[in-house]
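Q: Before I ask anything, let me first share the structure, which is written out below as structure tokens.
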């Protein structure tokens, strides 16, 4: 935006979203992992609009909280539309939040239009300023205009009015040019036009679209900018439309990744966030979800039914079937799974093996170390080249607090070992199978904690004889009972 032109923004986010059939406000429904309103505000933020006013209504407290959590105090204000009296009334609530001396331009967008890009809006603003118009709007040519307001042009091609679908004649409904709901207007012109709105329509509402006819009646210059990509301006009013838009986004993301050198076994079942970065020659199997800001290196193979969120994965690592990983770092040349669960705070330095049904949490596992089967490693620091046997557990929780376990380099932790934290095991330690470690083990030691083994020769034969005798007695009693019942 140019320095000599001030720009404010009003985002209309007060609608009920009746067709969503949800207690959640419509603009808080997520598209590819982010609430719709968040996507819109991020786009507005790239324009440098100050202030940005969000008009809320149904579920306003929820909407405000989500925005506050995401954007903090980034120049966003809120206006409350207490009664749902139409888009014109919502805009009236929004402009009332602007200072009376604000003499810049006001951009109006809808909070349920999450695909519009900052680049498109910048071109629109530039076109408005070049044209010298007092009021500009974005229109689009579509095959199915459906519920959208129709753009009415006069013989010269100038936009004379916008007619909402509910009020349109059959001839007007046949038009393919629609109003997207995006406007740009000088603040004083917008204040004046909104003051003249009246609820004289089939819905009994104040239509923001009526400002076009009002501006024309005052001989203000109105400019209609036709969108190059109508898909950017698709609104969402139902869960079906939400799913369709998400599906379209997913196809775009997957096409971009495949063009950059990523192989997808079944692109239709690869759910990958737009923030994810995936290196060349990676292979993504079917039913894989890669969510949030993931950074995946080159030549990584992710087999089917994996779920990853906010992870960093090094080159040439192999994630087998059913791996779940969240907020963790996996180094290069690792082998994970199948069915491993890497929880938040896990760090695998590299060349690690985490096998089937192993769970890690807040654990740093050194280079070359491995845990191949059925273990829980939580709140642990494990050195290099250490082997953790099957069924090992770090006992990290005492009912009130979590405690850490430290295991050194080149250790062998035997199967079915419990390490009761806080506890430390030095370098080059062998821990025998079935041990319970409650005190520090010095470097180079062998650690055992077993009861003496008792052996009773011939015990098995006697055990089986007793069971055969008991079974015969039970059968005899049952037989007598049946015979007695037949007398």
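Q: Quote the relative contact order of the chain in percent (integer), defining contacts as alpha-carbon pairs under 8 Å separated by 6+ residues.
A: On the way: 1181 pairs, mean separation 35.8, N = 487.
That works out to 7 percent.
Q: I would also like to ask the following. If you fit an axis through the alpha-carbon atoms of helix 36-47 and take the longest principal axis of the Cα set of the chain, what angle between them do you get, 0 to 90°, nearest 10?
A: Rounded to the nearest ten degrees, it is 60.
Q: May I pose another question? Rounding to the nearest 10 and keeping the result within 0 to 90°, find how far the Cα-based axis of helix 239-259 lies from the longest principal axis of the chain.
A: Taking Cα atoms only, the helix is inclined about 70 degrees.
Q: Counting DSSP beta bridges with both partners in the chain, what percentage is antiparallel, nearest 5?
A: Working: 18 of 102 bridges.
Roughly 20 percent of the DSSP beta bridges within the chain come out antiparallel.
Q: Give me the three principal axis extents of the chain from the C-alpha atoms, as integers in angstrom, largest value leading.
A: 110, 78, 44
Q: Now, a different point. Take each of the peptides 423-429, 181-187, average the number of other beta-carbon atoms within 10 Å over its residues, and list them starting from the highest. Before the final figure, lay out each step's value.
A: On the way: 423-429: 19.1, 181-187: 22.4.
Most protected by this proxy first, the peptides run 181-187, 423-429.
Q: With a Förster radius of 56 Å, plug the Cβ-Cβ distance of residue 71 and residue 463 into 1/(1 + (r/R0)^6) and report the FRET value to the nearest 0.05.
A: Details: r = 71 Å, r/R0 = 1.28.
Given R0 = 56 Å and the Cβ-Cβ separation, E is 0.20.
Q: Sort 430, 376 so that the residue with the fewest other Cβ atoms within 10 Å of its own Cβ comes first and the one with the most comes last. Write down the numbers at each step before the final one.
A: On the way: 430 16, 376 20.
Lowest to highest Cβ neighbour count: 430, 376.
Q: Would you please give the FRET efficiency between residue 46 and residue 255, computed as 1/(1 + (r/R0)^6) with r the Cβ-Cβ distance and R0 = 30 Å, to the nearest 0.05? List each step's numbers first, then the result.
A: Details: r = 24 Å, r/R0 = 0.79.
That pair, residue 46 with residue 255, gives E of 0.80.
Q: Going by a ≥ b ≥ c, the root eigenvalues of the Cα gyration tensor, does the stretch 197-329 fall in the rounded group (a/c under 1.5), the prolate group (a/b larger than b/c) or the oblate group?
A: Numbers: a/c = 3.68, a/b = 2.88, b/c = 1.28.
It is prolate, given that a/c is not under 1.5 and a/b is the larger ratio.
Q: For residue 449 and residue 244 in the same chain, what is the full-extension length gain: residue separation times 0.36 nm, less their Cα-Cα distance, in nm? Kindly include the intermediate steps, with their values, before the conclusion.
A: Details: separation 205, 0.36 × 205 = 73.80 nm, distance 6.03 nm.
Taking 0.36 nm per residue and subtracting the Cα distance, the gain is 67.8 nm.
Q: Classify the stretch 108-159 as rounded, prolate or oblate from the Cα gyration tensor: take a ≥ b ≥ c as the square roots of its eigenvalues, call it rounded if a/c is under 1.5, otherwise prolate when a/b beats b/c and oblate if not.
A: Values: a/c = 2.12, a/b = 1.01, b/c = 2.10.
The shape class here is oblate.
Q: To continue, here is another question. Where does helix 118-131 land angle-wise versus the long Cα axis of the chain, in degrees 0 to 90, nearest 10?
A: With rounding to tens, the tilt is 10 degrees.
Q: Sticking with this structure for a sec: Cα centroids of the stretch 383-458 and the stretch 323-343: how far apart, whole angstrom?
A: 23 Å
Q: What share of the DSSP beta bridges in the stretch 7-233 is antiparallel, in percent to the nearest 5? Write out the running numbers ahead of the final one.
A: Values: 17 of 38 bridges.
Around 45 percent of the beta bridges assigned by DSSP in the stretch 7-233 are antiparallel ones.
Q: In what sequence, highest mean first, do 109-120, 168-179 appear when ranked by Cβ atoms within 10 angstrom?
A: On the way: 109-120: 20.8, 168-179: 14.8.
Most protected by this proxy first, the peptides run 109-120, 168-179.
Q: Where Rh denotes the Kirkwood radius from the mean inverse Cα pair distance, what is Rg over Rh for the stretch 264-331? Mind dumping the intermediate values first?
A: Details: Rg = 10.2 Å, Rh = 11.3 Å.
My calculation puts Rg/Rh at 0.90.
Q: Here's a follow-up. Please tell me the relative contact order of the stretch 8-103 in percent, rounded to the nearest whole number, where contacts are Cα pairs under 8 Å and at least six residues apart. Don't skip to the answer; put the middle values down first.
A: Numbers: 126 pairs, mean separation 31.9, N = 96.
Here the relative contact order equals 33 percent.
Q: A further question on this structure: P(r) for the stretch 239-447: what percent of alpha-carbon pairs falls in each 5 Å bin, starting at zero?
A: So the P(r) values, bin by bin, are 2, 8, 15, 20, 15, 12, 9, 7, 6, 4, 2, 1, 0.
Q: May I pose another question? I need the calculated FRET efficiency for the pair residue 315 and residue 263, taking r as the beta carbon distance and R₀ as 25 Å, to the nearest 0.05. Before the final figure, lay out each step's value.
A: Working: r = 15 Å, r/R0 = 0.62.
In this case the efficiency is close to 0.95.
Q: At 1.002 mPa s and 20 °C, plugging the Kirkwood radius over alpha-carbon pairs of the stretch 340-390 into Stokes-Einstein gives what diffusion coefficient in µm²/s? It would help to have the intermediate numbers written out before the result.
A: Details: Rh = 10.2 Å.
Taking Rh from Cα pairs, D becomes 209 µm²/s.
Q: Please list, short to long, the whole-number percent of alpha-carbon pairs of the stretch 1-152 in consecutive 5 angstrom bins beginning at zero.
A: 2, 9, 18, 22, 22, 16, 9, 4, 0, 0
Q: Taking square-rooted eigenvalues a ≥ b ≥ c of the alpha carbon gyration tensor, is the stretch 47-100 rounded, prolate or oblate, where a/c under 1.5 means rounded and, failing that, a/b exceeding b/c means prolate? Present the calculation step by step, with values, prior to reporting the outcome.
A: Numbers: a/c = 2.48, a/b = 1.20, b/c = 2.07.
Cα axes put the stretch 47-100 in the oblate bin.
Q: Additional query: Report, in whole Å, the centroid distance computed from the Cα atoms of the stretch 99-146 and the stretch 358-378.
A: Measuring centre to centre over Cα atoms gives 53 Å.
Q: Counting only helical runs of four or more DSSP H residues, what would the 222 nm mean residue ellipticity of the chain come to if each run contributes -39,500 (n - 2.57) and the total is spread over all its residues? Mind showing how you got there, number by number?
A: On the way: 9 runs with 116 residues, N = 487.
My calculation for the chain gives -7500 deg cm²/dmol from helical runs alone.
Each value in this text was obtained by applying a stated rule to the coordinates, not by laboratory testing. The structure displayed is predicted, hence computed values, not measured ones. Virtual Cβ from ideal backbone geometry, glycine too; neighbours counted across all protein chains shown.
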